[in-house]
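Worksheet: one structure, shown below.
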């Protein structure tokens, strides 16, 4: 006991020494400053995440409101032209709603029925739009289905408006939903938000989808991501893969957590030595890049389109994406975005799409998006076409000037794939592509090509 007392007295006497006291003060100050810095960074991250989730949610609200409005218009109009326009808008707005819904910190299981509903609204409206284009009248069953979809869209809109009020009043905090160890979505929110989100899924609990052959069959709605291969990876591995996407030095990388969207992914924010930033999403399964987007100004255009294409292909091959062919491109603000499709045995596979953004000042890759490829890519069993290229050409308008012809696999509105003969040419000043089914000889699709100084587009 005496020894301990002597040590305490010795420590007290040493503290009286100015030098020792200074060291203690400095150490204490460093600890306080570090604690303040860490707290500030955590607060900034939480606020940034909250803002991002709020933005995504309000976009969902806006697009669902638009879906309801355009569905209502489709029930009122008696004009095929107006009906086609309304149905096209429904298709577009529902797709946009699904995109933002996937960005919310809610697992796909909790909102499975809601996502399914939006998906079927999108696909069904598009199929009816195609009927309008072919001058086919909408049947009584078509109108009945549209009315049912509209009624559900009104219910969804009402629930989302209530959720919006809950968020505005602070009764829902997105941060609670991203807490580590979340077992069920409803367990991480207040009683009020439990009721609100419970109502959202209860609204669609009885929704079983349209009785409709083709587009909405269960195996298509819940299609396996055939291009998403490999074993699951952890966040640290994903972080390293995110860094490997860049040739410039990464100064700082922050984790935005794991999202349970269409493809489960780890998301990161990166800062570089020049203070430019980027966002990256890496799939949990296989560690594939889903998207990367780097933000910086491009003040000059030095590279040609061919040079940019060469840079993009080199980048794709480095990431393991081989046999990719450029299709269309768009140039904006010194950046060119190029679409690439996979080629197998000289057949171009349009479902296997990847987009790459290239800076035209120095060729830096500023973005990549691989969703189409990860959803669809596989080695197909290609059969010999039943329809020859000569027979397919005979079915075309005789006035068309055909400049090129080749085999291509194209996606259909039913989320299937069709092997076609692709004919590219022009007529009366219009550039076009016609797709003729290589199995049946039926004309599957026609695209009008628009060539502008900023790119090659189709519609």
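What follows is calculated from the coordinates using simple rules that are stated; it is not laboratory data. Note that this is a predicted model, so its numbers are computed, not measured. Ideal geometry is used to build each Cβ from the backbone, glycine not excepted, and the neighbour counts take in all protein chains shown.
So for each of 119-132, 436-449 I average, over its residues, the number of other beta carbons within 10 Å; can you give me the resulting order with the highest mean first? Don't skip to the end; give the middle numbers.
On the way: 119-132: 20.9, 436-449: 16.2.
Output ranking for 119-132, 436-449: 119-132, 436-449.
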Virtual spin-label span in nm between residue 285 and residue 346, 7 Å along Cα→Cβ: 3.5 nm
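Based on the Cβ-Cβ distance from residue 439 to residue 229, what FRET efficiency comes out when R0 is 30 Å, to the nearest 0.05? Kindly include the intermediate steps, with their values, before the conclusion.
Working: r = 29 Å, r/R0 = 0.95.
Rounded to the nearest 0.05, the efficiency is 0.60.
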Starting from 0.36 nm per residue, how many nanometres of slack lie between residue 31 and residue 430 once their C-alpha separation is accounted for? 136.6 nm
Taking a label point 7 Å from the Cα of residue 307 along the Cα→Cβ vector, which residues of the range 335-358 have an amide N closer than 19 Å to it? 335-338, 357-358
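What does the extension gain come out to for residue 50 and residue 244, with contour length at 0.36 nm per residue minus their alpha carbon separation? Mind dumping the intermediate values first?
Values: separation 194, 0.36 × 194 = 69.84 nm, distance 2.80 nm.
Result for the pair: 67.0 nm of gain on full extension.
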Semi-axes of the range 335-415 from the Cα gyration tensor (sqrt of 5 times each eigenvalue, largest first, whole Å) come to 30, 18, 11
Take the alpha-carbon centre of the range 297-366, take the same for the range 61-75, and report the distance between them in whole Å. 36 Å
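What does the convex hull of the Cα atoms of the range 235-376 come to per residue, in Å³, rounded to a whole number? Intermediate results must be reported in sequence, preceding the final value.
On the way: hull volume 15.1 nm³, N = 142.
Taking only Cα atoms, the range 235-376 has a hull volume of 106 Å³ per residue.
Using 0.36 nm per residue of separation minus the Cα-Cα distance, give me the extension gain between residue 237 and residue 379 in nm, one decimal.
Working it through step by step, the gained length comes to 48.4 nm.
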